[in-house]
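Heads up: the structure comes next, in structure tokens.
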Amino acid sequence: MPELDDVDARILGILVEDGRRSFREVARRVGVTTPTVQARVKRMMDEGLIRKISPIFDVSKFKQGLVFHLYLRVNPAEIENIAHKLEKNPEVRGIYLTTGENNLTLRVAVESLEQLQRFTETLSNDFGVKQNSSQMIVKIFKDDQPVLIRPGMGVELKCETCNGPISGKPFVLKVAGRERFFCCQTCLGKFRETYEPKLKGLAIPIESPTPQ
């Protein structure tokens, strides 16, 4: 499992404070070159550590919209499947696995109580999920990233083919300049067998894998 070094942690900390900062400004504050910051950010995005850089809104500044936490009780064997389906719903802004009887918490944003009612009916009818309780978020005082970034923090990679965790050094395949990660030669081979003919037909470059 890769680990964040001091430079990675400092870059992430600065971007968490304000994602609008330029690579040049981040480099100046970290004490490295601009190309170093560009390469580090690209690597962390390729690894999936940074999913995207987007604005964080202050919901109190908007006239419309209601935000709720919904506390659900879900069959543990079905949690991941249901969570993956729910994340495609535009009302769902956050999904959290928790301890206790209510083991799945959703943060949803709706325009009205009627829309919330329709959404909760969808939970019951389409997913068979029971909502035990809900709370409306009236005001947000602080809503930072729930990750404490520090040097030496492990980064979990998942295999591009089987979606399983990569415990050792990953096998890497570069496709159109982006790194793809695999847990073993077998998964890497399956990926190449499935996609390489199509990618070559589109003139998309594939570089030979090298263990990291």
How many nm is it between the label spots at S133 and N89, if each spot is 7 Å from the Cα in line with the beta carbon? 2.0
If each residue of separation counts as 0.36 nm, what is the full-extension length gain between K190 and T33 once their alpha-carbon separation is subtracted? 52.7 nm
Express in Å², to the nearest 10, the accessible area of K174 obtained by rolling a 1.4 Å probe over the protein heavy atoms while all chains stay in place. 80
Name the residues whose placed amide hydrogens come within less than 5 Å of the amide hydrogen of R93, ignoring near sequence neighbours (fewer than 5 apart) on the same chain. R107, V108, A109
Kirkwood Rh, angstrom, the stretch 1-129 [1 / mean 1/r, Cα pairs]: 17.6
Need one word for the stretch 65-108: rounded, prolate or oblate. Basis is the Cα gyration tensor (sqrt eigenvalues a ≥ b ≥ c); a/c below 1.5 gives rounded, then a/b vs b/c decides. oblate
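The values are calculated or read from the model by the stated rules, or taken from the named source; none is laboratory data. Here the structure is a predicted model, which means the values were calculated and not measured. Reconstructed Cβ throughout: ideal geometry from the backbone, glycine too, with neighbour counts over all protein chains shown. Please note that ligands, DNA and RNA were not included when accessible areas were found on the heavy atoms of the full protein model with its side chains. Shrake-Rupley method; radii C 1.70, N 1.55, O 1.52, S 1.80 Å.
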